[in-house]
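Quick notes on the structure that follows.
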Amino acid sequence: MKLTLRWILIVLAMIVLLLSACARESAAPEKVQPSYVEEIEGSEFKRVTLTEKAAERIDLQTALVREEIVVLNQTVVGEVVSDRGTASGSLDHIWVRVPLNQTNIKLVARDRPAVVQLLEDDDEDNDDDEEGWTVEPDEAGADDAEEDALYYVADNTKARLVTGQAVLVNLPLQETGALRKVIPYAALIYDTEGNTFVYVKEPNALSFVRQAVIVDFIKGSLAYLTEGPDVNAEVVTVGAAELFGAETGVSK
């Protein structure tokens, strides 16, 4: 009888252990994926949706797309001369000769002033002159299409230039006043073929869709686009690499 009771107790203990193990398994929280990727009908890209915790973990940040009128310039090296074609003497008004080929001359807005700056080696004791001096186009040579150079006139009482001196000349270009979309450079991502994209945040959601962009030029920490998201759209500036990896399975 004692032996039978002992076996009953052992069986009951085993049942209790099994039931408690099942309870622990059923109480275990369901694992939540940090991101969800879904196909977009008619698009080669996919929508990536993050959980709030995933967005916090990668410190996700965005910035608004804005639009800006840009003035296009080209900086070249010119030479200070006392008159057209000479490099001697000293006058209150002095010329800056800018050598250019005919193709580049056609790109310059020849009716607009340029800006002359000293080279770094010449600028050590001229901290007040960092912005340079405005020089006017030489009207006498405006129709001169034979020489591969442009001339600008400077008021040398202000500029204090010396004949024979090499200077930087910031030339205005014909295609100016154009509208460009502006985003932080950090928003740009590249695929393995060198194509450029950004991730656009959908309104009122942690969902993001990749969009191709065309970069016109990069200036400092900003990228200027000829094609890109709509103005005031939100683009991802921190976390784009993680979104790209989630969408494509390829690390940036």
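Taking each residue as 0.36 nm, the span from Leu107 to Glu202 lengthens on full extension beyond its C-alpha to C-alpha distance by 30.2 nm. Amide H contacts of Ala109: Leu173, Gln174, each under 5 Å away and 5 or more positions distant or on a separate chain (H built 1.01 Å from N in the peptide plane; Pro and chain starts excluded).
Were the residues from Leu222 through Ala241 laid out at 0.36 nm apart, the gain over their Cα-Cα distance would be 5.0 nm. The H on the amide N of Ala223, modeled in the peptide plane, is under 5 Å from the matching H of Ile183, Tyr185, each at least 5 residues off or on a different chain. Given their separation in residues at 0.36 nm each and the Cα-Cα distance between them, His93 and Tyr36 gain 13.7 nm when the chain is fully extended. Once the C-beta distance of Val77 and Ile214 is scaled by a Förster radius of 35 Å, the resulting FRET efficiency is 0.70 to the nearest 0.05.
Other residues lying with their Cβ under 13 Å from the Cβ of Val209 contribute a combined charge of -4, Lys and Arg counting +1, Asp and Glu -1.
Every read-out reported here was derived from the displayed coordinates using simple, explicitly stated rules and does not represent laboratory data. Since the structure is predicted, the reported quantities are computational estimates derived from the model, not experimental observations. Ideal geometry is used to build each Cβ from the backbone, glycine not excepted, and the neighbour counts take in all protein chains shown.
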